[in-house]
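The values are calculated or read from the model by the stated rules, or taken from the named source; none is laboratory data. If you're wondering where the values come from, they're calculated on a predicted model, not measured in any experiment. Quick reminder, even Gly has a Cβ in these numbers, built from the backbone with ideal geometry, and neighbours come from all protein chains shown. Note: accessible area is taken over every heavy atom of the protein model, side chains too, but ligands, DNA and RNA are not part of it. Shrake-Rupley method; radii C 1.70, N 1.55, O 1.52, S 1.80 Å.
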Amino acid sequence: MESKEPRNTQRQTGFFAKLKSVKWDYWLIAILVLATFLYAWNIWESTQANNFYTAAIVSMTENFKNFWYASFDPAGYITVDKPPVALWFMAISAKIFGVHGWSVVLPSILFAIGSVYLIYALIKNRFGRVPARIAALIMTITPIAVADSRTNNMDATLIFFLLLSVWFVQKAVFKGQQRYLWIGFSLMGIAFNVKMLQAFMILPALYFYYWIATKISWKKKTAHLGIASVFLLVFTLIWPLSVDLTNTSNRPYEGGSEHNSALELAFGYNGTQRLLGQTTGTGGAFPGMGNSSKKSSSSKGMTPPSGSSSSKKSSSTGNTPPAMPNGSEGGAPGGPGGSSKKNGGGGMAGGGFNTGNKGPFRLFGQALGPQISWLLIVAILGFFSSFFYYRGSKMKRWYGLNPQRKELWLWAGWMVPVFGFFSVAGFFHPYYTIMLAPAIATLGGVGLYTMFKQWRAKSGWSLMLPTTILSTSLLQAWYMYQYYPVLSWILVGVGSLISILLYALPWVGKKLENKLTLPIAGSILIMLAPAWWSLTPTISGESSGMPTAGPDLLSNPGASGGGIGSGSVNSKLLSYLEKHQGSSKYLFATDDSSTAAPYIIKTGKAVMAMGGFNGTDQAITLAQFKKMVKSGEVKYYYSGGKTGSANNKIVNWIKKNAKKVTIKGLSTTSSAGKTGSNENGMPTGGQPGGQGGPGQGGTPPNGTKPTGKPSGTKAPSSTKPSNSKGGQPGAGGMGGPGGNNSGTLYDLSSIYD
């Protein structure tokens, strides 16, 4: 006993001694605190999130089968159109804390904070603390990174796993141990199962980096990367193969695919079609999405890609879906993404699908720039500055490699393919540009540091710092002008003055070692505007299915649409269905997920979205549907959603044979702008399906109040009303009970009476 006591004391002393010896980076701690504030503040009060994924989270908490396949509905009829890894973390959070606006977003917030730390760690390992701090700060205040981190989309999770993969590969290089390489490539496979081929945009950078950074023979490099590729293949295919090798009768239909295949989903809908332009899962290709035509990029004539009701037939004949009603996401004048002065032709804050014209300057344009490109010039020029700053004295050739240059090529290898993709891609949402954030942060952080060093040394590269500050100030002033014209001119003036002085001092000053004020002032100046843009989602409490950042969120809260528990359930319709559902498996059937999602979230009951996200999945045949109706599994059909090309036969059969239900006190007048009429001649409002973000939420029908708690899950805790303007279909899944209170209910049991 006497011998154990000193040993325990020594052990404790050793632990606390090590803790005390840790050199805490208080700047990093401050940056992480800032990141936590930006990503998490007000999230507990928000009722906004991506309803499409939230409905799946509700369903995934029901049983392991739904959890594994990422089933959209509790009955396991159809899945979401993405792999499940990110949703697994959200479902676990919801299982622990219940389904709330904050609980489904919590994993994204934690992953985003983790990404800031990983950026710091990756840069510190080779370049030191100062550039690592700058890089972490840039990552923290990238506007779209803040907006993405406050929603239950997959992007923040994807970035974390990609950075973690890079961290392990870097560790394999530093330590010279293969196991870290295997872990890194395994994590890349997991990242694939977060958002499929989007993850592989940086895969060439990993191969290239390991090849140039390791000091072993080419034969060993080939062997190491070959083994790592096996790990990559296993972790990439383990989930999609488990889906495709399972009998289709024992699993949900794979939403978004044409032939019920997860691999097809990965390489088609979530793969090549993103580059070439979507042709499946959306009802056709859409000329308003990333078209190189100036006419199509105009928000006035813009057409919503994934929320459109146009069928494949209409798209193939060149027919254009109708423009969205005022205030919707589609980009109508005055709405987010519209042609108002503030929105600048779309995309400034919530213009879901105006991604600008294809070309090398697309990312600098008004549609995408204010979300991601505030410091893109810093990153590009920073690469050249740092590349020549870290030139070893023993290098025989100017392009030779040393440890720092190898790291720079890693981040350039991340930036170039991602930049190229967004420059030419035919279909993507602006919030996907978060993929560029790590490369901008790392190259920008190291670049600012080396520019400062070169300026103080009065080297030939001393002009790089003032050039960067001047060009970045002008770009940022252009972004700001539509909102703050006076401040934009002030930014131009101050930026120009600082730049002129920075240009002149190396030639007239004797010593610059102590001249810190101007470089620091210039660096702070170009951080102010993106910091303000990144603050807008936090101030407005934004947590949207179409994440975005910008002052529009302050003047038009909820502009980007989508919401969890946002009052988008028609209480009278729900009350009738629950009273008369009986023993039927589904509360009701409808055309698409934007109509079904709010009811799944509200009740925890199964609602059949026959055609999946946009109503265009061929998930069920007429014969199969008839069989389900005859057996009593489906008793009601609600026509408030979108009728996609996959459901026309079923819908026509229902309208011909089923009995319409009249619910006393249920209004059938749309509060949105008229874009058509239902079978009763009543206006149907906007196009269901929601713009692009899967399952945008919904604005509540006038007078609708939430009813009760759902069975099988907790109701969202917040009773805060939706920020979206009443009657704007763009904020509510654009049709059906999710977007307005028009539609018709059919009693299917009457068919076989």
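Data table
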item: Violating pairs (Cα-Cα greater than 29 angstrom) within the set Lys171/Lys458; Lys579/Lys659; Lys219/Lys396; Lys215/Lys458; result: Lys171/Lys458; Lys215/Lys458
item: Two-site FRET efficiency, Leu474 against Leu622, from Cβ-Cβ distance with R₀ of 45 Å, rounded to 0.05; result: 0.15
item: Estimated D of region 73-147 in µm² per second, where Rh is the Kirkwood radius over Cα pairs and Stokes-Einstein applies at 10 °C, 1.306 mPa s; result: 109 µm²/s
item: Pairwise FRET efficiency - Tyr26 versus Trp68, Cβ, R0 = 45 Å, nearest 0.05; result: 0.55
item: Which of Tyr484, Tyr253 is most accessible, then next, and so on - probe 1.4 Å; result: Tyr484, Tyr253
item: Relative contact order computed over region 390-479 (Cα-Cα under 8 Å; 6+ residues apart), in percent; result: 17 percent
item: Rg and Dmax of region 120-271, Cα atoms only, in Å; result: 17.8, 57
item: Mean Cβ neighbour count within 10 Å, used as a protection proxy, ranking 200-210, 527-537, 71-81, 228-238 highest first; result: 71-81, 527-537, 200-210, 228-238
item: Burial ranking of peptide ranges 159-166, 489-496 (average Cβ count within 10 Å, highest at the top); result: 159-166, 489-496
item: Linear extension gain, Leu245 paired with Tyr752, 0.36 nm per residue minus alpha-carbon span; result: 178.9 nm
item: Of Lys124/Lys175; Lys605/Lys664; Lys65/Lys660; Lys65/Lys602, pairs whose Cα-Cα distance is over 25 Å; result: Lys65/Lys660
item: Zone residues, region 418-438, relative to Asn357, backbone N less than 16 Å from point 7 Å out along Cα-to-Cβ; result: 423-425
item: Two-site FRET efficiency, Lys649 against Leu554, from Cβ-Cβ distance with R₀ of 30 Å, rounded to 0.05; result: 0.05
item: Share of Cα-Cα pairs in region 385-458 lying beyond 22 Å, as whole percent; result: 36 percent
item: Of the trypsin sites (Lys or Arg not before Pro) in region 561-632, those whose Cβ has at most 13 other Cβ within 10 Å and which sit in DSSP loop; result: none
item: Pairs of alpha carbons in region 350-491 whose separation is greater than 23 Å (percent); result: 42 percent
item: Principal axis box of region 421-524, alpha-carbon based, largest edge first, Å; result: 54, 31, 19
item: Sequence of Trp461, Trp239 from largest to smallest accessible area, 1.4 Å probe; result: Trp461, Trp239
item: Square roots of five times the Cα gyration tensor eigenvalues for region 187-263, Å; result: 33, 13, 7
item: Computed Rg/Rh of region 33-181, alpha carbon atoms with Kirkwood Rh; result: 1.05
item: Spin-label pair Phe174/Asn42, simplified geometry with 7 Å Cα→Cβ offset, distance in nm; result: 3.8 nm
item: Semi-axis lengths, Å, region 578-617, gyration tensor of Cα atoms, sqrt of 5 times eigenvalues; result: 19, 11, 6
item: Cα-derived Rg over Rh, computed across region 183-227 with Rh taken as Kirkwood radius; result: 1.04
item: Two-site label geometry, Gln581 and Lys95: point separation in nm, points 7 Å out along Cα→Cβ; result: 2.2 nm
item: Projected label distance in nm at Lys630 and His259, using a 7 Å step from Cα toward the beta-carbon; result: 2.9 nm
